[in-house]
Every structure is written in structure tokens, then in C-alpha cells.
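First up is the structure itself, then whatever we jot down about it.
The values are calculated or read from the model by the stated rules, or taken from the named source; none is laboratory data. Quick caveat: nothing in here was measured; it's all calculated off a predicted structure. All Cβ positions, glycine included, derive from the backbone under ideal geometry; neighbour counts span all protein chains shown.
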Amino acid sequence: MKLVRDRIPELDTANGHPGSFEQATGAEFALLLRAKLLEEAQEAATAAPAGLLEELGDVLQVLYALANQAGYSAAEVECARVRKARTHGTYTRRLVWQPPPEREPGRDTRRRRQAEPRAHPAPHPTEATR
């Protein structure tokens, strides 16, 4: 089972490739849209430069459908994008996070403060006379 665009049955019939199509339930549609988003994102991620624009359009179409299914408009999605860009930034600086090196099991890598030698306290005056 694969989610297809609304005009695919018509286009398939016109091209001599009739197939069987059915309408998904609301719950199926929600799951199929998320699967389609992953499919289209993978296609965009692996697209050659010449095909990237088309694939990005496909991703955007699925995003809009997913937003609509969840009760959001394209404008609300754009507002969320702008809000996140304002609070967390965008990707224009090409920053790459490097995680800290992992510790070896059983080994504490924190820097320890060197203990200073302690002076022995002077004996109590009553003990010194004993």
C-alpha cells in the first residue's frame, strides 16, 4: 500500500496502466503521509543537483498535506519555521556539532584538584603537658 497523488488514477488510466486504488481511512492516511514524507525526503537527500528542485517540491507537497491533516495551514507551518529560525537560527553558517569524546568505561576523566598536604594540627595544650 502506497499513498499516491490525487491525479495518479486518472493519469495511469490515460497511459494504459490501470490499477486498483482505494481511499485511505483517516488513521491510515496519517500513517501513510508520514511514510511518504520519509520516502520523499530520502529521494531529495539522494537527488542529483538537476533533480533536487523537483524532489524538494515533492517534500513540500507532503509537508503541506501532513499539516492540513493535522489541522494546520501552510501559513501556520511557515510561522513555526520563522519562529524556530528566530529562536534557534537557521543553517546559513554551516555549523557542525562535534560531540565530546566518550569516556572509557570505569575511568573518570574529570580533572581532579590535587589535594594539598594537610598540616597536622598542633596538639591541644592539655595534651602537650602530659
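So residue 128 ticks every box in (1) among the hydrophobic types (A, V, I, L, M, F, W, C); (2) modelled with pLDDT of 95 or more; (3) more than 24 Å from residue 2 (Cα to Cα) but one. Which box is left unticked?
(2)
Report whether or not residue 52 is under 18 Å from residue 67 (Cα atoms), in a helix (DSSP H, G or I) and at pLDDT 95 or above.
no
Identify the single condition in (1) modelled with pLDDT of 95 or more; (2) surrounded by 10 or more Cβ atoms within 10 Å (Cβ to Cβ) that residue 103 does not satisfy, given that it satisfies every other one.
Only one criterion is unmet by residue 103, namely (1).
Could you please give the count of residues in the range 79-94 that are assigned to a helix (DSSP H, G or I) and either among the hydroxyl-bearing types (Ser, Thr, Tyr) or closer than 22 Å to residue 42 by Cα (or both)?
Within the range 79-94, residues that are assigned to a helix (DSSP H, G or I) and either among the hydroxyl-bearing types (Ser, Thr, Tyr) or closer than 22 Å to residue 42 by Cα (or both) number 2.
Return only the number of the condition from (1) over 22 Å from the mean Cα position of the chain (by Cα); (2) modelled with pLDDT of 95 or more that residue 19 does not satisfy.
For residue 19, the failing item is (2).
Step by step: first the residues of the range 1-16, then only those that are surrounded by fewer than 12 Cβ atoms within 10 Å (Cβ to Cβ), part of a loop (DSSP other than H, G, I, E, B) and not basic (Lys, Arg), then the one that is modelled with the lowest pLDDT. Which residue is that?
1
Looking only at residues in the range 43-56 that are closer than 21 Å to residue 77 by Cβ and under 19 Å from the mean Cα position of the chain (by Cα), which one is surrounded by the fewest Cβ atoms within 10 Å (Cβ to Cβ)?
Checking each candidate, the answer is 45.
Does residue 31 fit the bill of being of a type in the set (A, V, I, L, M, F, W, C), within 21 Å of residue 4 (Cβ to Cβ), surrounded by 11 or more Cβ atoms within 10 Å (Cβ to Cβ) and out of contact with any strand residue (DSSP E or B) (no Cβ under 9 Å at 6 or more places or on another chain)?
Considered against the rule, which asks whether it is of a type in the set (A, V, I, L, M, F, W, C), within 21 Å of residue 4 (Cβ to Cβ), surrounded by 11 or more Cβ atoms within 10 Å (Cβ to Cβ) and out of contact with any strand residue (DSSP E or B) (no Cβ under 9 Å at 6 or more places or on another chain), residue 31 comes out as yes.
Going through the range 17-28 one residue at a time, which ones are assigned to a helix (DSSP H, G or I) and surrounded by fewer than 10 Cβ atoms within 10 Å (Cβ to Cβ)?
Correct list: 26, 27.
Just give me the residues in the range 83-98 being of a type in the set (A, V, I, L, M) and either exposed (fewer than 10 other Cβ atoms within 10 Å of the Cβ) or closer than 27 Å to residue 32 by Cα (or both), in sequence order.
Answer for the range 83-98, where residues must be of a type in the set (A, V, I, L, M) and either exposed (fewer than 10 other Cβ atoms within 10 Å of the Cβ) or closer than 27 Å to residue 32 by Cα (or both): 95, 96.
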